[in-house]
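Here is the structure we will look at.
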Amino acid sequence: MTNLPVPYRVVARRPETADTVTLRLEPVADALGDFAPGQFAMVHCFGRGEIPVSVSSVQSTGGLAHTVRAVGAVSAGLCEARTAEVVGIRGPFGTGWELERARGRDVVVVAGGIGLAPLRPLILRALAEPEAYGRVNVLIGARTPADLIGREEVAGWRTAYTGVTVDRPDEDWRGDVGLVTDLLGRAHLTPSDAWGFVCGPEPMIRATARELVARGMPPDRIRVSLERNMRCATGHCGHCQLGPLLLCRDGPVVDWQRAEPLLSVREL
Amino acid sequence: MSPSMALRLNHALPGEHRDRLLRIGREVRFAPGARLFDEGGRADRFWILRDGTLALDLHVPGRPAPVVETLGAGDLVGWSWLYEPYVWQFGAQTVTPVHAYEFDAVAVRLMCQDDTAFGRAVEHWVGRVLAHRLRAARTRLLDLYGPASGGGAP
């Protein structure tokens, strides 16, 4: 790991939605260490600043992919990056999903909005080893059909169940409408013997994790990805503190047994 | 028990009341695109889905009816039959083939009047379904998937 940005070149740029882009990056020289699904990098847009972004793809060549939504100056700059442009990368940082702990058991992945991006490498890894895991379920919620990322890829995933729901359908939408938690009843899994992986807006994470626990999933088998204001990414500045946790170091992926009491404290 | 599981008939009604209700239900099947009811119509039936998906929609003049929510296996379809003026507040159309239990609303209302314990249980069940849908609708109003509000977005 280095604390200086390492140059990576944009080798492909794929618009996902009106405000979200996936950048495929290759190292200009030496690659950083291996990123695990769920970990994040500090992505530097030269002249603007840097932001934390989870990896949405990890290549054996050292290449990475990051899915970025334009919500501020730095993220907008990254979304505008063109092929052959160079960005800076620090990392890998934080904790990963640790999918391997779910070996032999059913898996349910619940994604809200752009939260699908950090879960994508986990899903691909689980689907690449169908004999290693039980039934793999993917549940996705988004604001509108136009806000769904990776629609074609998702349609090709060979899962036990893939559910996609939106809050606001357009006239062409023929899928589900409603909260993503309402899809849990359709998933093919034995909750008491399954693992859950959840990423999205915090209220959605809370509702999903609580529903999973109520259905019988042990809280320590639910892993959620939390987001706070990460600056140094090395556990020194304290900006990303959540109670006793520094999420850049102890997160972003945290098990629900640890996260639940912290997310119940209004002051945190 | 999870909040959504608690709404399922198996959990929502005590065994004896559930059995009484199911005795007057009949199994029905609908093809995709079948219209079960329209907004403003007389709410004289209701359904519990066994399989399939159904969309609740709202009439908007001059455009196709927008879908406000989809329902799936185990869900109650229709609550207007329990409350005056017994008029549907939304429309309902199947999305996939649907297999359901269908109930005569007038008969169930009479059963509720004749047996207050049964009536309380049914009202409690439907009330919980309504509360769940109200909570879901309010949550969706929050637009949680949209960009975070407030300054400082990086």
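The values are calculated or read from the model by the stated rules, or taken from the named source; none is laboratory data. The model shown is predicted, which means the values in this text are computed figures rather than measured ones. Here the Cβ positions follow ideal geometry from the backbone for every residue, glycine too, while neighbour counts run over all protein chains shown.
Every residue in the stretch A:169-209 that is of a type in the set (Lys, Arg) and either under 17 Å from the mean Cα position of the chain (by Cα) or more than 8 Å from chain B (Cβ to nearest Cβ) (or both), please.
Step one: list which residues in the stretch A:169-209 are of a type in the set (Lys, Arg), which gives A:174, A:186, A:206.
Matches in the stretch A:169-209: A:206 only.
State whether one or more residues within the stretch A:223-240 are touching an Asp or Glu at 6+ places or on another chain (Cβ under 7 Å), assigned to a helix (DSSP H, G or I) and not assigned by TED's automatic domain parsing to the domain that holds residue A:41. Scanning the stretch A:223-240, I find no residue that is touching an Asp or Glu at 6+ places or on another chain (Cβ under 7 Å), assigned to a helix (DSSP H, G or I) and not assigned by TED's automatic domain parsing to the domain that holds residue A:41, so the answer is no. Annotation note: of A:128, A:117, A:142, A:160, the sole residue that is exposed (fewer than 15 other Cβ atoms within 10 Å of the Cβ) and of a type in the set (A, V, I, L, M) is A:128. Restricting to the stretch A:81-116, what's the tally of residues that are in a helix (DSSP H, G or I) and either at pLDDT 95 or above or under 25 Å from residue A:215 (Cα atoms) (or both)? Residues that pass the stated criteria total 7. Search the stretch A:129-144 for residues that are within 12 Å of another protein chain (Cβ to nearest Cβ) and pair each with any residue that is basic (Lys, Arg) when their beta-carbon atoms are under 6 Å apart and the residues are at least 6 apart or on different chains. Pairs that qualify, where the first residue is within 12 Å of another protein chain (Cβ to nearest Cβ) and the partner is basic (Lys, Arg), are A:144/A:168. Among the residues of the stretch A:42-49, is any crowded, with 17+ Cβ neighbours inside 10 Å, at pLDDT 95 or above and farther than 19 Å from residue A:232 by Cβ? No, the stretch A:42-49 has no match at all. Within the stretch B:1-16, residues that are facing chain A (nearest Cβ under 8 Å) and part of a helix (DSSP H, G or I) sit with their Cβ atoms under 7 Å from residues that are surrounded by fewer than 19 Cβ atoms within 10 Å (Cβ to Cβ) and modelled with pLDDT of 65 or more, at 6+ positions apart or across chains, in these pairs: B:5/B:11.
Taken over the stretch B:130-141, the criterion of being within 12 Å of another protein chain (Cβ to nearest Cβ) and either under 15 Å from residue A:169 (Cα atoms) or surrounded by 12 or more Cβ atoms within 10 Å (Cβ to Cβ) (or both) is satisfied by B:132, B:133, B:135, B:136, B:137, B:139, B:140, B:141. Is it the case, given these coordinates, that residue B:88 is closer than 20 Å to residue B:27 by Cα, buried (at least 17 other Cβ atoms within 10 Å of the Cβ) and modelled with pLDDT of 95 or more? When the stated conditions are applied, residue B:88 does not pass them. Taking the condition surrounded by fewer than 15 Cβ atoms within 10 Å (Cβ to Cβ), in contact (Cβ under 8 Å) with a residue 40 or more places away in the chain and in a loop (DSSP other than H, G, I, E, B), does residue A:29 pass? So residue A:29 fails the test. Report whether or not residue A:183 is closer than 19 Å to residue A:135 by Cα and of a type in the set (A, V, I, L, M). Considered against the rule, which asks whether it is closer than 19 Å to residue A:135 by Cα and of a type in the set (A, V, I, L, M), residue A:183 comes out as yes.
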